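Data first, discussion second: the structure below is written as structure tokens.
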Amino acid sequence: VAPALRGDLRRNEPMARHVSWRAGGAAACAYRPADLADLAVFLAGLPSAEPICFVGLGSNLLVRDGGYRGTVVFTHAVLKDVGIDAEGVIRAEAGVASPKVSRFAAMHDRTGAEFLAGIPGTIGGALAMNAGCYGAETWDTVAHVETIDRSGVIRIRTAGEYDVGYRHVALRGDNEEWFVAGAFRLHPGDGAQSRLQVRELLARRIATQPLGLPNAGSVFRNPPGDFAARLIEAAGLKGHRIGGASISAKHANFIVNDADARAGDIEALMGLAQDTVLARFGITLEREVRVIGETRP
Ligand SMILES: Cc1cc2nc3c(=O)[nH]c(=O)nc-3n(C[C@H](O)[C@H](O)[C@H](O)COP(=O)(O)OP(=O)(O)OC[C@H]3O[C@@H](n4cnc5c(N)ncnc54)[C@H](O)[C@@H]3O)c2cc1C
């Protein structure tokens, strides 16, 4: 007899509640597991063709207004352990907020995780995106990761098993797996110095990013040798509005939901920025944010 599920299963869950843009459609099915063992049982029980999307803090994600015809799995505050071993390797589960890992590292006089303080997602999201800023990236320090697959099988994998690049991470081969934890080999450092660095980094962000309005960070990857924000601004689109969303007047690579936006407004602005930058400068902007689901019929 299969063990009973202990988590929270919902139908038609509005995803605007779960993404930092505070906009978009619903997920047909949403599961918040009780713990890792419960997650394994849940995944193993899903039909093999069911689309699955893991969601951390939704700080890089948009669900289209027509909704996601699949199952989302919430990790935040579920896979929540963080610890350090005798060798100083920090292991954080996928649902731990990245800024918490930054603080934990400083508390243990380890350096190299300061940048995570400015990334408002989970460790799972940081691993999936190779999140980074100010010259540092998540995978710079990965000792190993722990994953789960559709059958609920948990594996330990090394960084060498992944193709990792700028905001890009892909497991080689075609096994479908999600992150349940990451282990990070950081250097010994001075916690007080790390905290100082974090304060400076956060001050820089507050000065340059529209953090008071719902957003998802940088919408586009920076093209080689240039900045998406510079190109969008040079194309004359700073402050441009579609429906309830606009291209931020503070940082042109941010789209803000400042008037009850639909996901369609946000996606239309993305398309406009891409088309205009391509027409004006011959440069293709690639999305950094992930967009899933169906457009409204
Ligand atoms: C104000 C602001 C500033 C930001 N600044 C930066 C920055 O400087 N640098 C940067 O890189 N990003 C930045 N971001 C984007 C975002 O915070 C990061 O990409 C973050 O790592 C996403 O984590 P998340 O938990 O919110 O992921 P989600 O948004 O929940 O998910 C993002 C993607 O990761 C996948 N995913 C999530 N969890 C898992 C998992 N456990 N296993 C497998 N896949 C998973 C999702 O399916 C989705 O495809 C910023 C966002 C905001 C709102």
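None of the figures in this text is laboratory data; all of them are computed from the coordinates on show. Please read these numbers as outputs of a predicted model, since none were measured by experiment. Every residue, glycine as well, gets a Cβ built from its backbone with ideal geometry; the counts of neighbours run over all protein chains shown.
Would you confirm whether or not segment 161-169 contains a residue that is touching a strand residue (DSSP E or B) at 6+ places or on another chain (Cβ under 6 Å) and under 30 Å from I247 (Cα atoms)?
Looking through segment 161-169, at least one residue is touching a strand residue (DSSP E or B) at 6+ places or on another chain (Cβ under 6 Å) and under 30 Å from I247 (Cα atoms).
For segment 11-31, how many residues are of a type in the set (K, R) and either surrounded by 21 or more Cβ atoms within 10 Å (Cβ to Cβ) or within 13 Å of the ligand (Cβ to nearest atom) (or both)? So that I can check it myself, show each step before the final result.
First, the residues of segment 11-31 that are of a type in the set (K, R): 11, 17, 22.
Remaining after also requiring either surrounded by 21 or more Cβ atoms within 10 Å (Cβ to Cβ) or within 13 Å of the ligand (Cβ to nearest atom) (or both): 17, 22.
So the answer is 2.
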Margin query: I'd like to know if segment 93-114 contains one or more residues that are near the ligand (Cβ under 8 Å from one of its atoms), aromatic (F, W, Y) and either farther than 26 Å from R172 by Cα or crowded, with 22+ Cβ neighbours inside 10 Å (or both).
Written below: no
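If you check V82 against the conditions, is it within 10 Å of the ligand (Cβ to nearest atom), under 21 Å from T147 (Cβ atoms) and surrounded by 17 or more Cβ atoms within 10 Å (Cβ to Cβ)?
Working: within 10 Å of the ligand (Cβ to nearest atom): no; under 21 Å from T147 (Cβ atoms): yes; surrounded by 17 or more Cβ atoms within 10 Å (Cβ to Cβ): yes.
No; evaluated as a whole, the condition is false for this residue.
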Checklist line | Among (1) over 22 Å from D190 (Cβ atoms); (2) away from the ligand (no atom under 11 Å from the Cβ); (3) of a type in the set (A, V, I, L, M, F, W, C) - the single one A143 does not satisfy | finding: (1)
Notebook entry, point to check: Name the pairs: first residue in segment 272-297 and charged (D, E, K, R), second residue in a helix (DSSP H, G or I) and within 16 Å of the ligand (Cβ to nearest atom), Cβ to Cβ under 7 Å, at least 6 apart or on different chains?
Noted result: R287/M270
Margin query: For segment 47-68, which positions are surrounded by 18 or more Cβ atoms within 10 Å (Cβ to Cβ) and either on the phi > 0 side of the Ramachandran plot or more than 6 Å from the ligand (Cβ to nearest atom) (or both)?
Written below: G58, L62, V63, R64, D65, G67, Y68
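Please state which one of A249, A203, A268 is small (G, A, S), surrounded by fewer than 21 Cβ atoms within 10 Å (Cβ to Cβ) and farther than 27 Å from A128 by Cα. Give the steps one after another, and end with the answer.
Details: A203 fails: farther than 27 Å from A128 by Cα; A268 fails: farther than 27 Å from A128 by Cα.
After ruling out the rest, the residue left standing is A249.
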